[in-house]
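*Asks:* Quick one: the structure is below, and I'll ask about it shortly.
Just so it is clear, none of the values below were taken in a lab; they were calculated from the coordinates. None of the values given here were measured: they were computed from a predicted structure. Don't worry about glycine lacking a Cβ; one is built from the backbone with ideal geometry, like all the others, and counts go over all protein chains shown.
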Amino acid sequence: MQADAFFVLTGGPGSGKTTLIDALRGEGFAGTEEAGRGVIRDQVTVGGSALPWGNRALFAELMLSWEMRSHAQALETTGPVFFDRGVPDCIGYLELCGLPVPDHFRSAADRFRYHPTVFVLPPWPEIYSGDEERKQDFDEAVRTFEAVSAAYAACGYTLVEVPKTTVSERLAFVRARAPYPR
């Protein structure tokens with residue numbers, strides 16, 4: 001499988017990315033788990049410090065590792081894969097936090113590529129909610145959207161904003177713009 005069939009959905013937290021990935025899975029497509037949520041869940045389980053409210057640099061390193069592993073696993077998949085974030089999100093996260101972006105993050109973004117079109121879900125206050133893994137307020141969600149959008153643009157991707165509408169309409173929007181066999 002080539003990376004031109006790897007479609008990223010990104011944006012700020014609480015914008016409906018995972019719900020849309022789940023809808024795509026419901027139609028039989030492969031999808032990945034969001035690195036941030038997975039790392040938080042694992043770190044809380046073991047009492048680790050690699051958390052966004054703990055060691056943010058280490059949290060970013062673990063997210064990067066997760067995203068590279070997800071990309072490698074997707075290479076073994078037939079058909080399109082929809083990613084709940086990707087490697088450039090890790091760069092955006094570091095920039096959001098005001099932390100330096102190590103060279104190996106940029107190297108990873110160059111090596112682990114996705115389809116040139118990235119779907120960006122904008123901040124949407126009407127559906128935003130926090131939980132045990134999502135502790136950001138809405139203002140930080142907006143800043144995250146801006147940071148990850150800038151990171152993907154800097155990595156050479158074309159951003160397509162997904163409209164704020166029903167899940168089925170968002171699903172149709174992505175399906176109409178992701179060039180894969182129907």
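*Asks:* Grab the Cα-Cα distance for Glu140 and Thr158, subtract it from 0.36 nm times how many residues apart they are, and report the gain in nm with one decimal.
*Replies:* Additional length available on full extension: 4.1 nm.
*Asks:* Sort Thr165, Thr144 so the one with the fewest other Cβ atoms within 10 Å of its own Cβ comes first.
*Replies:* Sorted ascending by nearby Cβ count, the order is Thr165, Thr144.
*Asks:* Using the beta-carbon distance between Ala172 and Leu58 and R0 = 45 Å, what value does 1/(1 + (r/R0)^6) give for FRET efficiency, to the nearest 0.05?
*Replies:* 0.70
*Asks:* Match the structure shown to one of the listed values (1) 16.3, 54; (2) 15.3, 44; (3) 19.1, 81 of Rg and Dmax of the Cα atoms in Å, computed from it, and give that label.
*Replies:* Here Rg and Dmax of the Cα atoms in Å agrees with entry (2).
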